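The values are calculated or read from the model by the stated rules, or taken from the named source; none is laboratory data. Predicted, not measured: the structure shown is a model, and the values here were computed from it. Positions of Cβ are backbone-derived with ideal geometry, glycine not excepted, and every protein chain shown enters the neighbour counts. Calculation scope for accessible area: heavy atoms of the full protein, side chains included, ligands and nucleic acids excluded. Shrake-Rupley method; radii C 1.70, N 1.55, O 1.52, S 1.80 Å.
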Amino acid sequence: AQTVTQSQPEMSVQEAETVTLSCTYDTSENNYYLFWYKQPPSRQMILVIRQEAYKQQNATENRFSVNFQKAAKSFSLKISDSQLGDTAMYFCAFRDNFNKFYFGSGTKLNVKP
Amino acid sequence: DTEVTQTPKHLVMGMTNKKSLKCEQHMGHRAMYWYKQKAKKPPELMFVYSYEKLSINESVPSRFSPECPNSSLLNLHLHALQPEDSALYLCASSQVLGEGRSFFGQGTRLTVV
């Protein structure tokens with residue numbers, strides 16, 4: 001069975017600074033996808049970034065980047081130049097070959113002015 | 001149009017009521033999903049439809065009945081719910097099963113009284 005672990009229930013960062021959210025997962029599959037989703041108080045789950053396991057290059061989307069360590073089964077999210085609008089719950093997710101998503105328990109990020 | 005629209009946004013229903021949640025997307029996506037999210041918890045997959053056919057049913061009680069009348073619409077029919085079914089119900093879609101980004105709607109906040 002797949003499991004996703006986010007060990008940081010809550011984090012704070014000053015506006016314009018950088019913060020890293022941790023995620024580890026466990027799977028016996030070799031090909032899979034990893035995601036970071038953001039859920040602001042508006043409740044909508046918004047895709048932040050996606051990583052395909054067979055790609056060694058870390059995914060980057062503007063201020064968001066990941067550190068994907070396949071052997072260590074680690075998938076951390078780095079947010080650079082944090083903005084107030086980044087305040088949200090962040091979920092790490094694993095999608096298996098049957099297209100089932102497994103979500104971590106979430107990290108609540110608070111960006112302070 | 002890159003939206004998944006869910007109606008209603010809020011719903012309060014009694015345990016003997018019958019109600020339906022609706023989800024609509026016009027992105028040409030052929031995979032649609034229902035998730036249930038309890039407060040401060042990650043989303044949990046309930047159902048997956050692929051090309052209007054039920055592909056995954058995560059052992060959801062029969063008081064939840066999904067329906068996919070066409071490629072743009074996904075319904076969740078509710079009957080004889082329990083208070084513990086109160087949650088945020090999220091709909092999502094993706095281009096096809098197992099590929100591409102998943103777009104989430106804003107959810108329906110359901111309260112069973």
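Counting only strands (runs of 3 or more DSSP E) wholly contained in the range A:1-83, the ones carrying 2 or more residues that are away from every other protein chain (no Cβ under 14 Å) occupy A:10-14, A:19-21, A:24-26, A:64-69, A:74-79.
For the condition within 11 Å of another protein chain (Cβ to nearest Cβ), hydrophobic (A, V, I, L, M, F, W, C) and assigned to a strand (DSSP E or B), what is the one hit in B:LEU88, B:LEU78? First the steps, then the outcome.
Details: B:LEU78 fails: within 11 Å of another protein chain (Cβ to nearest Cβ).
It is B:LEU88.
B:PRO61 meets the conditions (1) surrounded by 18 or more Cβ atoms within 10 Å (Cβ to Cβ); (2) closer than 24 Å to A:TYR102 by Cα; (3) away from chain A (no Cβ under 14 Å) in every case but one. The failed one is (1).
I need the full set of residues from the range B:69-83 which are touching a residue at least 24 places away in the same chain (Cβ under 8 Å) and open to solvent by 20 Å² or more (accessible area, probe 1.4 Å), in order please. I'd like the intermediate steps shown before the answer.
Residues of the range B:69-83 touching a residue at least 24 places away in the same chain (Cβ under 8 Å): B:71-83.
Passing the criteria: B:SER71, B:SER72, B:LEU73, B:HIS77, B:HIS79, B:ALA80, B:GLN82, B:PRO83.
Taken together, the residues in the range B:1-48 that are open to solvent by 80 Å² or more (accessible area, probe 1.4 Å), closer than 16 Å to B:GLY107 by Cα and either in contact (Cβ under 8 Å) with a residue 24 or more places away in the chain or not in a strand (DSSP E or B) (or both) amount to 10.
Can you spot a residue in the range A:84-106 that is part of a strand (DSSP E or B), open to solvent by less than 40 Å² (accessible area, probe 1.4 Å) and touching a helix residue (DSSP H, G or I) at 6+ places or on another chain (Cβ under 9 Å)? Talk me through it step by step, then tell me what you get.
Let us first name the residues in the range A:84-106 that are part of a strand (DSSP E or B), namely A:88-95, A:101-103.
Subsequent filtering for residues that are open to solvent by less than 40 Å² (accessible area, probe 1.4 Å) retains A:88, A:90-95, A:101, A:103.
With the extra rule that they be touching a helix residue (DSSP H, G or I) at 6+ places or on another chain (Cβ under 9 Å), the set shrinks to none.
No, the range A:84-106 contains no residue that is part of a strand (DSSP E or B), open to solvent by less than 40 Å² (accessible area, probe 1.4 Å) and touching a helix residue (DSSP H, G or I) at 6+ places or on another chain (Cβ under 9 Å).
Checking the condition in contact with a strand residue (DSSP E or B) (Cβ under 9 Å, 6 or more places away or on another chain), within 28 Å of B:LEU54 (Cβ to Cβ) and at pLDDT 95 or above, which residue from A:CYS92, A:CYS23 passes?
Working: A:CYS23 fails: within 28 Å of B:LEU54 (Cβ to Cβ).
Matching residue, one of A:CYS92, A:CYS23: A:CYS92.
Which one of the conditions (1) modelled with pLDDT of 95 or more; (2) within 14 Å of chain B (Cβ to nearest Cβ); (3) closer than 25 Å to B:TYR89 by Cβ does A:GLY104 fail to meet, given that it meets all the rest? It fails just one condition, (1).
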